[in-house]
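Here is the structure we will look at.
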């Protein structure tokens, strides 16, 4: 079950600042780091799939959630200290992870999800668990995303502050240099050029016409939407189980849902974030903006994408809020019923686009509501919150989920 407590706990990821002991030219936030890490995991993982390796995307997606949980619980302990505890005091590290899991016992109402989280944080203390290709991809993405942050702040810090950090980061990334995708990123080839454009989403602040606490970037928002999409899909599977119906989303559908959500704002890397009131200034402007976004992605972004994932990313960003499948290589909108009964197979590459839309609205609602509750409010935030609530009256079911049941937690 997705609850207010769970979503607000995840939202804390927007308040955790990184590299706080160095000069920073802009705010470096944990949610943004998590987002970039999964973008990198996608790129590196696609190259490993091309080489014939089987990548456990479901494990990696859940690992991104569990690592965020861990970071939120341990944000006061710096990574080097955690690494030292893990290396020199493994028993203490295991107990620390058990404590982390206990912090979420009453927050995660999905018993299976909690059990997976508990297993992840306790078993991750075992070094042999990290030899699997999926774990290596995930860890490589983690290391390179940290290296990218270091590169961003290096220019404004004195050299003596950075020498040891740079040495440690390079040592951390060295064991993963056999991964082709990472090699291309480190040597600044085309995947790196694509990443440079996508990273612009890290500098674009949402709701930029009004003061707000905490500020959220488009990139961090996208990861938050991806996580909420994952949780919403799990809610539907659980509701089916509660009714005695054996149903699970096929692996490709789970993969597509998460990464469609993660990349749903990709066009804004080249068009910038256009706030909703402006998009809706005229009846036809939304469709015009959508057309321009699609054309811009095709002309400016697609040439930076590798062939192994270019078509997939275009599929993710086209009609991103529609339930859809691929039939004979063509995207086709379908009903939720057909998604479940006719197309819930990997070969159709199904996507719960309408679930991504609900997750996008939940994220926007929490962004507005949290700031209002902190006492930082405005006409834009108040009206945005009100308009989002009006979109989902009680009894309206979308992709097996009633949004009003979630928003009722905030009444």
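The values are calculated or read from the model by the stated rules, or taken from the named source; none is laboratory data. Because the structure is a prediction, the values reported are computed rather than measured. Here Cβ is always computed from backbone atoms with ideal geometry, including for glycine, and neighbour counts include all displayed protein chains.
List of remarks:
- Per the listing 293, 298, the residue uniquely modelled with pLDDT under 95, surrounded by 16 or more Cβ atoms within 10 Å (Cβ to Cβ), in contact with a helix residue (DSSP H, G or I) (Cβ under 9 Å, 6 or more places away or on another chain) and farther than 20 Å from residue 252 by Cβ is 293.
- For the criterion of being touching a helix residue (DSSP H, G or I) at 6+ places or on another chain (Cβ under 7 Å), surrounded by fewer than 19 Cβ atoms within 10 Å (Cβ to Cβ) and assigned by TED's automatic domain parsing to the domain that holds residue 224, residue 393 passes.
- Helices (runs of 4 or more DSSP H) wholly inside region 153-200 containing at least 3 residues that are touching a helix residue (DSSP H, G or I) at 6+ places or on another chain (Cβ under 8 Å) and over 30 Å from residue 52 (Cβ atoms): 159-173
- Region 371-380, residues that are under 24 Å from residue 9 (Cβ atoms) and surrounded by fewer than 21 Cβ atoms within 10 Å (Cβ to Cβ): 372, 373, 374, 375, 376, 377
Residues checked against (1) in contact with a strand residue (DSSP E or B) (Cβ under 9 Å, 6 or more places away or on another chain); (2) under 23 Å from residue 222 (Cα atoms):
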residue	(1), (2)
321	no, yes
339	yes, no
342	yes, no
350	yes, yes
353	yes, yes
375	no, no
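- Every listed requirement among (1) surrounded by 15 or more Cβ atoms within 10 Å (Cβ to Cβ); (2) touching a residue at least 24 places away in the same chain (Cβ under 8 Å); (3) on the phi < 0 side of the Ramachandran plot is met by residue 349 save one, (3).
- Only one entry of 213, 156 meets the criterion of being at pLDDT 95 or above, assigned by TED's automatic domain parsing to the domain that holds residue 80 and within 19 Å of residue 18 (Cβ to Cβ), and that entry is 156.
- Residues located in region 39-60, provided they are in contact (Cβ under 8 Å) with a residue 40 or more places away in the chain and not in a helix (DSSP H, G or I): 51, 53, 54, 55, 56
- Against the test of being in contact (Cβ under 8 Å) with a residue 24 or more places away in the chain and in contact with a strand residue (DSSP E or B) (Cβ under 9 Å, 6 or more places away or on another chain), the options 176, 203 yield a single qualifying residue, 203.
- Of residues in region 388-411 being touching a residue at least 24 places away in the same chain (Cβ under 8 Å) and part of a helix (DSSP H, G or I), the one nearest to residue 211 (Cα to Cα): 388
- Helices (runs of 4 or more DSSP H) fully within region 61-127 that include at least 2 residues being under 30 Å from residue 252 (Cα atoms) and free of Cβ contacts under 8 Å to residues at least 24 places away in the same chain: 111-123.
- Matching entry among 312, 320 (being assigned by TED's automatic domain parsing to the domain that holds residue 266, under 19 Å from the mean Cα position of the chain (by Cα), assigned to a loop (DSSP other than H, G, I, E, B) and surrounded by 16 or more Cβ atoms within 10 Å (Cβ to Cβ)): 320
- Criterion (modelled with pLDDT of 90 or more, in contact with a strand residue (DSSP E or B) (Cβ under 6 Å, 6 or more places away or on another chain) and over 24 Å from residue 235 (Cα atoms)) met by exactly one of 260, 331: 331
- Test: residue in region 16-38 that is under 27 Å from residue 153 (Cα atoms), without any contact (Cβ under 8 Å) to a residue 60 or more places away in the chain and in contact with a strand residue (DSSP E or B) (Cβ under 7 Å, 6 or more places away or on another chain): yes
- Any hit, region 80-96, residues being in contact with a helix residue (DSSP H, G or I) (Cβ under 7 Å, 6 or more places away or on another chain) and within 19 Å of residue 31 (Cβ to Cβ): no
- Test: residue in region 41-49 that is out of contact with any strand residue (DSSP E or B) (no Cβ under 7 Å at 6 or more places or on another chain), within 26 Å of residue 236 (Cα to Cα) and buried (at least 20 other Cβ atoms within 10 Å of the Cβ): yes
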